[in-house]
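The values are calculated or read from the model by the stated rules, or taken from the named source; none is laboratory data. This structure is a prediction, so every number in the text was calculated from the model and none was measured. So basically every Cβ, Gly included, is an ideal-geometry build from the backbone, and we count neighbours across all protein chains shown.
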Amino acid sequence: MAEPKAAAAAAPGAAGAAARAVAHLRAADPVLRLAIDLVGPYEAELRHAPSTFAALAEAIVHQQLSTTVATTIFGRLVAALAAFTPEAVLATPDEGLRAAGLSRAKALALADLAARCTNGEVPTLEEARALDDATIVERLSAVRGVGRWTAEMFLIFHLGRPDVLPTGDLGVRRGFALVTGAADLPTPKALAAHGERWAPHRTAASWYLWRAAELGDLSPAAQPAPVRRNGPKQDAAGQ
């Protein structure tokens, strides 16, 4: 079976929403203006997955692996199943999941995800769209191997939620240290406190901080052209 492809597309009304988000951030925080001016327009896009199960299963496989290795393992996993569904995973012995290249911990996490999807603990995409952010984070974080970081990435990139600030993300913290000129990374608590001024557009602020972390040197002379990137890079501890 071929691997399901996750297409990326701009959310409906994205241009207007992006413009409003950037205008708010520029007015609310002079510190963030540097990143906005250097990076250019906010260009976040949604990643489409056929189900919550598919989105989280791929996230679990990708944890702590390079994109190339994770993509290969995920492709083997999908090919090994009769259908890429929770029921198919539950019907596959642990050895079958391990044969695709999954570690024992990830095989157990995938089985737990599948069980929670079938019993309704993990919401479908349609159900998730009707839930608030905190409820989604709580329900997804109950899954083995799915921490707050993975739940927040699901909110940002699969549901398009506009006000998510992943304060534990190293890229966001590094970007904040760069735009503020701080020698040390902010604590998640300090970042959350500063980020209150970005609400209700903290997702856009996160995107700019990710881009700032990628740029590294924020001096205008070091930037020949605006950066055009969309997703975060998961750090080794990211879950």
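Filter the helices (runs of 4 or more DSSP H) completely within the range 93-196 down to those with at least 2 residues that are touching a Phe, Trp or Tyr at 6+ places or on another chain (Cβ under 7 Å) and farther than 29 Å from Arg20 by Cβ.
104-118
How many residues does the range 143-190 hold that are in contact with a His (Cβ under 9 Å, 6 or more places away or on another chain) and under 29 Å from Ala107 (Cα atoms)?
Result for the range 143-190: 1.
Please name all residue pairs, on different chains or six or more residues apart, with Cβ atoms under 6 Å, provided the first residue is in the range 84-110 and is on the phi > 0 side of the Ramachandran plot and the second residue is of a type in the set (Lys, Arg) and assigned to a helix (DSSP H, G or I).
The qualifying pairs are Gly101/Arg76.
Could you count how many residues in the range 19-70 are in a loop (DSSP other than H, G, I, E, B), more than 30 Å from Leu113 (Cβ to Cβ) and of a type outside the set (Asp, Glu)?
Looking only at that region, the number is 3.
Would a scan of the range 149-167 turn up a residue that is out of contact with any Asp or Glu (no Cβ under 6 Å at 6 or more places or on another chain) and without any contact (Cβ under 8 Å) to a residue 12 or more places away in the chain?
no
Yes or no, residue by residue, for (1) more than 20 Å from Ala205 (Cβ to Cβ); (2) at pLDDT below 95; (3) assigned by TED's automatic domain parsing to the domain that holds Leu170; (4) out of contact with any helix residue (DSSP H, G or I) (no Cβ under 6 Å at 6 or more places or on another chain):
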{"position": "Ala17", "(1), (2), (3), (4)": "no, yes, yes, yes"}
{"position": "Ala21", "(1), (2), (3), (4)": "no, no, yes, no"}
{"position": "Arg26", "(1), (2), (3), (4)": "no, no, yes, no"}
{"position": "Asp37", "(1), (2), (3), (4)": "no, yes, yes, yes"}
{"position": "Val61", "(1), (2), (3), (4)": "yes, no, no, no"}
{"position": "Ser66", "(1), (2), (3), (4)": "yes, yes, no, yes"}
{"position": "Ala80", "(1), (2), (3), (4)": "yes, yes, no, yes"}
{"position": "Ala100", "(1), (2), (3), (4)": "yes, yes, no, no"}
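Here's the yes/no breakdown for (1) among the charged types (D, E, K, R); (2) surrounded by fewer than 16 Cβ atoms within 10 Å (Cβ to Cβ); (3) in the same structural domain as Gly168 (by TED's automatic domain parsing):
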site: Leu90; (1), (2), (3): no, yes, no
site: Arg104; (1), (2), (3): yes, yes, no
site: Leu125; (1), (2), (3): no, no, no
site: Ala142; (1), (2), (3): no, yes, no
site: Gly147; (1), (2), (3): no, no, no
site: Thr150; (1), (2), (3): no, no, no
